[in-house]
Amino acid sequence: MSEYAHFHPVGREPSAFTRAFQEEQRRRLPFDDDRDFEEARRGFIARPDYDKIMADAGNVAWDMGRYEFLLEGEDFDSIHPSLQRQAILNMAYGVYEVMEGIYQVRGFDLANLTFVRGATGWVVFDTGTTVETARAAHALVRQHVEDLPVSAVIHSHSHIDHFGGVRGLIDEADVRAGIVPVIVPEGFMEHAVAENVYAGNAMLRRAFFQYGGLMPANPYGHVDQAIGKNTAAGRPSLIQPSLVITDDVEHHTVDGIPMVFHNTPGTEAPAEMNTYLPEKKAFWAAENIVGTIHNIYTLRGALVRDALVWSKKIGEALYLFGKEADVMFASHSWPRWGNDRIQEVIRTQRDAYAHLNNHVLHLANQGVTINEIHNVYRQPESLTKQWAAHSYHGSEEHNSRAVINRYLGYWDANPATLIPLSPRDSAPLYVEMMGGSEPILTKGRALHDEGRYREAQEILNKLVYAEPDNVDAKQLLADVFEQLGYQQESPSVRNSFLAAALELRTGIPEGTVPAVSSPDVLRALTTEMFFDYLAIRMDGSKVGDVAFVANIRHPDSGEELVVELSNATLTTQMGFQSDDATVTIVVDRADFEQVMLGQRSFEELIESGASDVDGDLSGLHRMLASLVEFDLLFELLPGTAAT
Ligand SMILES: [Zn+2]
């Protein structure tokens, strides 16, 4: 038993079954291969003399100290041994030399910040999530390596842990003046804001599960996030880039350093690129090749990714740069040195994504469905022996389902699942037929006590749906989820089980989750996205048969659009004006942004004189009055709201 106490008063120790399972993993997995640890330590220069980085808002933005329990040499039975290994690898904290002229700050955020010595300053590859952590990383490099300003920023892709820190490194005015370039892959700005808009509230809520953001850091709780410890809770930012890489491969010199940019759209992000530094034989693999097999489907919710394209882009990088690179480094995890090792890791990950795609479809073409594939698909034995093929961010289970989802969709082609009852409607029937709650609890407890957790989950889940106030059912399901969580290699899956157990026990936790949005991000929304999102927020049942046709023009941006309300549906068409508009509104996009930022209501803008209105506004007012502010704390499991 661990010397650490569970963070929850009714939290459980790992069962005998869980302990035996972990012991089997310790025997089975290739722990003799500890090259990752050598690589993660290599080049260490200095760690900061603090554990916490404070946010400008006063909260703790980052705290490495809370994971120190991982470094005390204890094998925790509440953590899958492979995950514990990854969680220790991700304890790198400080500034590291990758090679002469290339340095990384690790452990300051989910992502690494990489500083490349240019002719006049630091060229920074990826910025971390927040201004505060980026500023601290730059200060650490100035203190321990060389006191230089940042001369260029390169964002490898459109995820916030790769651009949110930018204002902690550079001034926007220097970008606008052409002094400091900000370089991005094609599609960066669109996707930087797009992914978190339309389903943003649902994604943020679901992230409570995937990221376990409100679970304490503890051997029984949050231990890692696969590609880093966690996400920093500071202020994200975004600066309009000054150079967009549009060709498949482009050559540029950035602050005196020749660079080859390699666009890899449709891999880990819709807009992503690798970079090669030929003079240094250094290959920057963005987030395409890191110390884990990544998400093809990300559990917080996102469009499913393409494992085949991902594999092919890794293969392309192998043939473009991988055969001559002396070092490979990335925006997460640790570098790889020596060409043999680089090729080994590249080929391992190329094959892992390709095998996932090909073998899942191989099975699907023989009738294995989305509801079975996670129990059928397994990596070949040779890949399981290579750490770089292990899934921490992803999992073989949810990624294999994702491949089928991408090609065939969610339906398993059984009509019984085509228009099924909702869980809340089917569950009472099951419970009734099973003889009520008592036999289910008795059987559920027996299954739990035999270590048959997935079977226990099957019937207890029905009971919780049928009786959301049944405390015994919720507590027992929480116990089952907890053991399942302890046994997961992937922290995304572990956190989902453990956070669900926490909510079943004591309701949705309170606290602040890291922001995924900021004024910079909102301002970057396109006009079309803004109106499309209004259409999602509009409660159609409240507008009845109200209708309007609004012509809107933004003189400063040259945009014109027509917005129509009909059939309780709001639609937006960019680039058109209607001949029979019921109202015409002319307003600068710059003024309109105050509405997008929530600094002013639409009504205030219209009344302010900043806009020129001609026609009937009553329909627009009705529409605006029907907008819903989405509540983040909706229930993911029945009976978990405000206990
Ligand atoms: Zn990332």
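The values are calculated or read from the model by the stated rules, or taken from the named source; none is laboratory data. All values derive from a computational prediction rather than experimental measurement. With ideal geometry, Cβ positions are generated from the backbone for all residues, glycine too; neighbour counts draw on all protein chains shown.
For the condition over 20 Å from the mean Cα position of the chain (by Cα) and part of a helix (DSSP H, G or I), what is the one hit in Arg347, Arg406, Arg378?
Arg347
Please verify whether Asn196 is within 16 Å of the ligand (Cβ to nearest atom), surrounded by fewer than 23 Cβ atoms within 10 Å (Cβ to Cβ) and of a type outside the set (Gly, Ala, Ser), treating the condition exactly as stated.
Spelling it out, Asn196 is indeed within 16 Å of the ligand (Cβ to nearest atom), surrounded by fewer than 23 Cβ atoms within 10 Å (Cβ to Cβ) and of a type outside the set (Gly, Ala, Ser).
Do we find a residue being within 25 Å of the chain's Cα centre (by Cα) and modelled with pLDDT of 95 or more anywhere in region 16-36?
yes
Using the structure shown, decide if Thr133 is within 13 Å of the ligand (Cβ to nearest atom), out of contact with any His (no Cβ under 9 Å at 6 or more places or on another chain) and closer than 19 Å to Ile53 by Cα.
The answer is no for Thr133.
Looking only at residues that are within 14 Å of the ligand (Cβ to nearest atom) and charged (D, E, K, R) in region 89-122, which one is surrounded by the fewest Cβ atoms within 10 Å (Cβ to Cβ)?
Here the residue is Arg106.
Give me the pairs: first residue in region 252-268 and closer than 10 Å to Gly118 by Cα and of a type in the set (Asp, Glu), second residue within 16 Å of the ligand (Cβ to nearest atom) and not in a loop (DSSP other than H, G, I, E, B), beta-carbon distance under 6 Å, and six or more apart or on different chains, which are they?
Within 6 Å, no pair qualifies.
Take Arg27 and decide whether it is within 24 Å of Glu381 (Cα to Cα) and exposed (fewer than 12 other Cβ atoms within 10 Å of the Cβ). Give the derivation first.
Numbers: within 24 Å of Glu381 (Cα to Cα): yes; exposed (fewer than 12 other Cβ atoms within 10 Å of the Cβ): yes.
Yes; evaluated as a whole, the condition is true for this residue.
Out of Asp469, Asp479, which single residue is of a type in the set (Asp, Glu) and either modelled with pLDDT under 95 or buried (at least 16 other Cβ atoms within 10 Å of the Cβ) (or both)?
Of Asp469, Asp479, the one residue that is of a type in the set (Asp, Glu) and either modelled with pLDDT under 95 or buried (at least 16 other Cβ atoms within 10 Å of the Cβ) (or both) is Asp479.
Does region 295-314 include one or more residues that are hydroxyl-bearing (Ser, Thr, Tyr) and part of a helix (DSSP H, G or I)? Working first, answer last.
In the first step, residues of region 295-314 are kept if they are hydroxyl-bearing (Ser, Thr, Tyr); the result is 297-298, 311.
Then drop every residue that is not part of a helix (DSSP H, G or I), which leaves 311.
Yes; the residues of region 295-314 include at least one that is hydroxyl-bearing (Ser, Thr, Tyr) and part of a helix (DSSP H, G or I).
Please specify each residue of region 179-225 satisfying the condition of being in a loop (DSSP other than H, G, I, E, B) and within 24 Å of Glu528 (Cβ to Cβ).
Those that are in a loop (DSSP other than H, G, I, E, B) and within 24 Å of Glu528 (Cβ to Cβ): Glu186, Gly187, Glu195, Asn196, Val197, Tyr198, Ala199.
Six or more apart or on different chains, Cβ under 8 Å: which pairs go from a residue in region 224-246 that's closer than 15 Å to Lys52 by Cα to one that's acidic (Asp, Glu) and within 16 Å of the ligand (Cβ to nearest atom)? Could you list them?
Pairs found: Thr231/Asp109; Thr231/Asp161; Ala232/Asp109.
Given the conditions (1) out of contact with any helix residue (DSSP H, G or I) (no Cβ under 6 Å at 6 or more places or on another chain); (2) within 16 Å of the ligand (Cβ to nearest atom), report the number of the one that Gln240 does not fulfil.
(2)
Within the group Val360, Val431, which residue is farther than 30 Å from His80 by Cα and assigned to a helix (DSSP H, G or I)?
Val431
Identify, by number, the condition in (1) within 16 Å of the ligand (Cβ to nearest atom); (2) surrounded by fewer than 18 Cβ atoms within 10 Å (Cβ to Cβ) that Gly338 doesn't meet.
Result: Gly338 passes all but (1).
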